[in-house]
There are 2 protein chains.
Amino acid sequence: MGEEKIILALPDNKDRNAINAALRQSGYSVIQKRSGQDILDSIVEDIPEIILMHADLPKVDGWQVCEKLKEDQLLQKIGIILCCDDAHESDIIRGFELGADEVFDANVSARELVARTQALSRRLQIAKNLIKIRDLEIELDAHRVLKDGKTIDLTYIQFKLLYLLASRRDNIFSRSEILERVWGKKVYVTNRTVDVHIKRLREKLGEIRYPSQYIQTIHGVGYRFM
Amino acid sequence: MGEEKIILALPDNKDRNAINAALRQSGYSVIQKRSGQDILDSIVEDIPEIILMHADLPKVDGWQVCEKLKEDQLLQKIGIILCCDDAHESDIIRGFELGADEVFDANVSARELVARTQALSRRLQIAKNLIKIRDLEIELDAHRVLKDGKTIDLTYIQFKLLYLLASRRDNIFSRSEILERVWGKKVYVTNRTVDVHIKRLREKLGEIRYPSQYIQTIHGVGYRFM
DNA sequence: TAATAATGGCATACTAGTTGCAAAGCTACA
DNA sequence: TGTAGCTTTGCAACTAGTATGCCATTATTA
């Protein structure tokens with residue numbers, strides 16, 4: 001799925017390795033940087049989901065990194081977590097004003113840091129209407145589906161159908177429900193047509209080789225995405 | 001893509017070659033000059049993106065080059081990086097006052113120098129409303145499009161259309177959205193007209209040989225630039 | 001075995017691509 | 001200012017391509 005990339009820029013200390021390890025453990029692909037300048041240089045080519053950095057970095061400090069990122073259309077969307085030594089209220093407010101998503105004291109435990117990072121990725125995903133399920137990524141706004149990072153071309157109806165099912169995993173949708181939600185109330189189309197679309201969707205998702213990997217048939221009831 | 005030109009004027013030492021090589025490595029086209037006068041002479045014909053020079057140059061020194069450049073409307077836009085031996089605070093302030101974009105000690109590493117150069121080009125691009133996408137360069141201010149460094153003549157509408165699409169890559173624009181943004185709210189023009197303009201734009205961008213290299217059709221939805 | 005689902009094929013409807021043309025706009029020159 | 005010649009633009013008509021819905025057939029499930 002293209003693991004989520006996170007840039008980690010913290011001063012040398014015992015925690016840094018712990019945090020690095022914990023983030024990797026949670027499935028992030030971690031890239032470590034030393035200075036603010038290093039961060040700015042590296043993101044030109046490769047935009048990460050989140051930057052987790054200390055406020056006091058050499059060359060360009062964390063505050064300045066925030067400012068730079070918010071100036072740029074493409075980089076605005078990166079989530080920013082900022083740690084300060086002895087964070088006072090004024091620091092925290094300043095951080096938020098500069099566009100950071102989280103600002104807090106560097107004394108916080110590695111565990112909490114990871115938890116906050118995960119919470120932030122979740123929030124960012126929701127903001128983008130992005131659904132990630134195993135090796136699938138479904139982007140509502142971009143009207144795009146990626147499997148293993150590769151684009152799958154879906155037609156209009158196929159996309160709507162997939163998005164409906166995936167937006168409430170485990171929920172069983174009856175055919176009439178699907179018809180109403182995908183085609184709209186007024187349109188009148190046979191129930192059986194849903195089957196055909198499910199079939200076409202399954203094909204494109206590659207369910208021939210691994211049957212029912214994504215879409216499960218509930219005999220006599222409907223379909224569900226799992 | 002019209003490689004970015006950079007003028008390099010540093011005194012002879014082991015670093016100069018390293019910096020030269022590193023800049024070329026990063027895709028710049030490097031032109032070396034000896035004296036401040038050489039720099040001034042050469043830029044009349046061929047304006048570089050950036051001048052990276054030492055403050056102590058023979059004939060005309062770096063400080064004077066800064067002054068000259070900032071006097072000239074056309075040359076103002078060139079980015080200037082100035083290195084000083086034993087840079088004191090007063091030097092640094094003087095450099096910025098004379099219009100340099102970066103001033104620092106000549107002891108800095110080649111790697112950092114390159115990183116700063118790249119950061120400066122990025123800044124300059126944003127300031128010029130320049131969009132670079134693969135072999136395309138779109139300059140809003142100059143109302144110009146280059147492909148592989150060669151100008152492509154676009155009509156007014158074609159340019160607006162391209163700029164709209166390219167300014168938000170990956171975003172899908174519906175035909176009505178395009179109409180509103182390119183033609184304005186009041187004008188009433190058929191949706192189908194957008195297709196015709198897309199076709200003409202594609203032709204000029206050379207999409208006959210490589211279909212959908214730039215502009216992708218999303219059936220039933222709209223178009224997007226990728 | 002009866003009901004339900006999956007599948008393949010096909011006609012149709014819809015959407016996008018393409019072309020030619022006329023009108024409007026622009027430029028240069030007398 | 002007028003006019004000839006060129007470019008740009010919008011549209012309609014046509015062609016090409018794609019998506020969709022349904023039916024008939026086969027497979028699966030309870």
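What follows draws every value from the coordinates through simple rules; no lab data is involved. Please read all numbers here as calculations on a predicted model, not as lab measurements. In this analysis, Cβ positions are derived from the backbone assuming ideal geometry, glycine residues included, and neighbour counts consider all displayed protein chains.
Here are some notes:
- Vicinal HN-Hα couplings computed from phi for the stretch B:218-226 (Karplus, 6.51 cos²θ - 1.76 cosθ + 1.60; Hz; Gly/Pro x): 9, 3, x, 10, x, 10, 8, 9, 10
- Residue order for A:LEU201, B:LEU120, A:LEU52, fewest other beta carbons within 10 angstrom first, comes to B:LEU120, A:LEU201, A:LEU52.
- Taking Cα centre as origin and charging only the Cβ of basic (Lys, Arg, +1) and acidic (Asp, Glu, -1) residues, the dipole magnitude of the stretch B:131-225 rounds to 200 debye.
- Taking other C-beta atoms within 10 Å as the exposure proxy, A:VAL145, B:VAL221 rank B:VAL221, A:VAL145 from fewest upward.
- For B:SER212, inter-copy separations between label points set 7 Å beyond Cα along the Cβ vector come to 3.3 nm, shortest first.
- Net charge, A:ASP105 excluded, C-beta distance under 10 Å - Lys, Arg +1, Asp, Glu -1: -3
- Label 7 Å beyond Cα on the Cβ vector: B:ASN107 copy-to-copy distances, nm: 3.7
- Set of lysines near B:LYS204 by C-alpha distance (under 24 Å), chain-local residues within fewer than 8 positions excluded: B:LYS128, B:LYS132, B:LYS147, B:LYS150, B:LYS160
- Taking 0.36 nm per residue of separation and subtracting the current Cα-Cα distance, fully stretching the chain between B:LYS128 and B:VAL221 would add 30.3 nm.
- Taken over the stretch B:5-127, the percentage of Cα pairs per 5 Å bin, counting from 0 up to the bin with the maximum distance, is 2, 12, 24, 27, 23, 11, 2, 0.
- Remark: relative contact order (chain A) = 14 percent; criterion is Cα-Cα distance under 8 angstrom and separation of 6 or more residues.
- Here is how far apart the B:PRO58 label points are across copies: 3.6 nm, shortest first, using a point 7 Å from Cα toward Cβ.
- Sequence-distant lysines (8 or more away, or on other chains) whose Cα lies within less than 18 Å of B:LYS68: B:LYS33, B:LYS59, B:LYS77
- Isotropic mean projected area of the C-alpha convex hull, the stretch A:96-136 (nm²): 4.0
- Residue of chain A whose Cβ sits closest to the axis mapping A onto B, with distance in whole Å: A:LYS185, 18
- Charge-dipole axis of the protein assembly as shown as Lys and Arg at +1 and Asp and Glu at -1 on Cβ define it, positive-most pick from B:LEU74, B:HIS54, A:LEU74: A:LEU74
- Projecting the Cα positions of B:GLY220, B:ALA18, B:SER109 onto the charge dipole of chain B (unit charges on Cβ atoms of Lys, Arg, Asp and Glu, taken about the Cα centre) puts B:GLY220 furthest along the positive direction.
- The eigenvalues of the Cα gyration tensor, multiplied by 5 and square-rooted, give the stretch A:14-68 an equivalent ellipsoid with semi-axes of 20, 14, 9 Å from largest to smallest.
- Within the stretch A:55-78, backbone nitrogen closer than 11 Å to the virtual label 7 Å beyond the Cα of A:LYS14 toward Cβ: none
- Chain B - mean residue ellipticity at 222 nm from DSSP helices (-39,500 (n - 2.57) per run, n ≥ 4, rounded to 500): -12000 deg cm²/dmol
- Estimated inter-spin distance, B:LYS150 and B:GLU3, nm [label 7 Å along Cα→Cβ]: 1.9
- The stretch B:90-138 and the stretch A:141-211 have their alpha-carbon centroids 49 Å apart.
- Ellipsoid equivalent to chain B - semi-axes via the Cα gyration tensor, in Å: 43, 17, 15
- Taking only the C-alpha atoms of the stretch B:150-226, Rg followed by Dmax gives 11.8, 37 Å.
- Note on A:ASP170/B:LYS185: beta-carbon distance plugged into 1/(1 + (r/R0)^6) with R0 of 30 Å gives a FRET efficiency of 0.10.
- At q = 0.06 Å⁻¹ the log10 of I(q)/I(0) for the protein assembly as shown amounts to -0.37, computed by Debye summation with a single uniform scatterer per C-alpha, solvent ignored.
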